[in-house]
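Student: Sharing a structure with you now.
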Amino acid sequence: MTDNITGKVVIITGASSGMGEATARDLAAKGAKVALGARRTDRLDALVNEIKAAGGEAIAVATDVTKLEDVQNLVDTAKETFGTVDVIFNNAGLMPLSPLDSLRIDEWNQMIDVNMKGTLYGIAAVLPIFKEQESGQVINVSSVYGHKTVATGAVYCATKHAVRSLSEGLRQEVKDYNVRVTVISPGAVNTELTQHITEEGLGDAVRDAVSRIGVPATTMADMVAFAISQPANVDVNEILFRPTVQPE
């Protein structure tokens, strides 16, 4: 077991695959109680069964992060089941890259709804609990592209820049009631994220690059565990990581 993780109640969105799934497994193995949210409930249920079979504690809650009521239900269910909430990992995200002149406006809206509003809804759902108990931790996911802007990624980069800015504003507002705020910015990670790219030619190129250099999803799990495991008076505000060979 790991100090400052054992016994903590951690909510994870986007938990049915990739970085969310890896983090759920890792934290449960370290003694956390995990409440897992995603739309694919069959995968969530399988993950919960796996965690329980290994001796961990976990629940699954069908969650679409673009719906405030879904996110609120996830948080409420976690609190009702485990008695409290200590951490929320706002992990759900989309990355359908494309040039702006392709006018994939539906994809722009999806990114705004999931990457930005989904993060805000997670914050809104836990803040009353954290403020009342005067403790808690919000972990948000930005990206290397939250630190720079690239062609074909204008909207995605904008959403991830927004998550970084939101996280810093939140940190300043909640420090007085002892709440920690961490934003983690991954580079190339081997997950399903690149499957969202529908732009002809671009998707294959990005998937090929990530498959060659990407680090495993467990890398994110290690970063989340590090941030949570710090003493209560240490707030790891920002982590940026890449594969060593990633050029940008």
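Student: Give me the distance in nm between label points sitting 7 Å out from Cα along the Cα-to-Cβ direction at THR244 and VAL150, one decimal.
Tutor: A separation of 2.1 nm, rounded to one decimal place.
Student: Please give, to one decimal in nm, the separation of the simple spin-label points placed at GLN172 and ALA62, each 7 Å out from Cα toward the Cβ.
Tutor: Between GLN172 and ALA62, the simple spin-label model gives 4.1 nm.
Student: Rounded to the nearest 500, what is the 222 nm mean residue ellipticity of the chain from helices alone, with -39500 (n - 2.57) per DSSP H run of 4+ residues and division by all residues?
Tutor: -14000 deg cm²/dmol
Student: Also, quick follow-up: Which residues does the label zone of ASN73 cover in the range 24-60, counting backbone N under 20 Å from a point 7 Å along Cα→Cβ?
Tutor: 34-49, 58-60
Student: If you filter the range 1-83 for trypsin sites (Lys or Arg not before Pro), then keep DSSP loop positions with at most 15 other Cβ within 10 Å, what is left?
Tutor: ARG39, ARG40, LYS67
Student: Tell me, what is the FRET efficiency for ASP45 and ASP3 to the nearest 0.05, using R0 = 41 angstrom and their Cβ-Cβ distance as r?
Tutor: 0.85
Student: Follow-up. Can you spot the lysines whose alpha carbon is less than 25 Å from LYS160's alpha carbon? Ignore those fewer than 8 places along the same chain.
Tutor: Correct list for LYS160: LYS67, LYS117, LYS148, LYS175.
Student: Let me ask you something else. Can you return the lysines within cross-link range of LYS30? Criterion is Cα-Cα under 21 Å, with same-chain partners fewer than 8 residues away left out.
Tutor: LYS8, LYS52, LYS79
Student: Given that just one value was derived from the coordinates, which of (i) 18.6; (ii) 18.0; (iii) 19.4 is Kirkwood radius over Cα pairs in Å?
Tutor: Evaluating Kirkwood radius over Cα pairs in Å on these atoms matches (ii).
Student: Along the range 62-74, what does the Karplus equation 6.51 cos²θ - 1.76 cosθ + 1.60 (θ = phi - 60°) give for ³J(HN,Hα), rounded to whole Hz, x for Gly and Pro?
Tutor: Result, rounded to whole Hz: 4, 9, 10, 5, 7, 10, 4, 5, 5, 5, 4, 5, 4.
Student: Tell me, what ³J(HN,Hα) does each residue in the range 192-200 have, in order and in whole Hz, if you take phi through Karplus 6.51 cos²θ - 1.76 cosθ + 1.60 with θ = phi - 60° and put x for Gly and Pro?
Tutor: My calculation for the range 192-200 gives 7, 4, 6, 5, 6, 7, 9, 4, 4 Hz in order.
Student: If you don't mind, there's one more thing I want to ask. For the Cα atoms of the chain, what angle does the longest principal axis make with the long axis of helix 154-174, in degrees from 0 to 90, nearest 10?
Tutor: The answer is roughly 30 degrees.
Student: Right, here's the next one. Place a point 7 Å from Cα of ARG207 in the direction of its Cβ. Which residues in the range 59-96 have their backbone N less than 15 Å from it?
Tutor: Zone members listed by number: 95-96.
No lab work stands behind these numbers, since they all come straight from the coordinates. Since we're looking at a predicted model, the values are computed, not measured. Note that each Cβ is placed from the backbone with ideal geometry, even for glycine, and that neighbours are counted across all protein chains shown.
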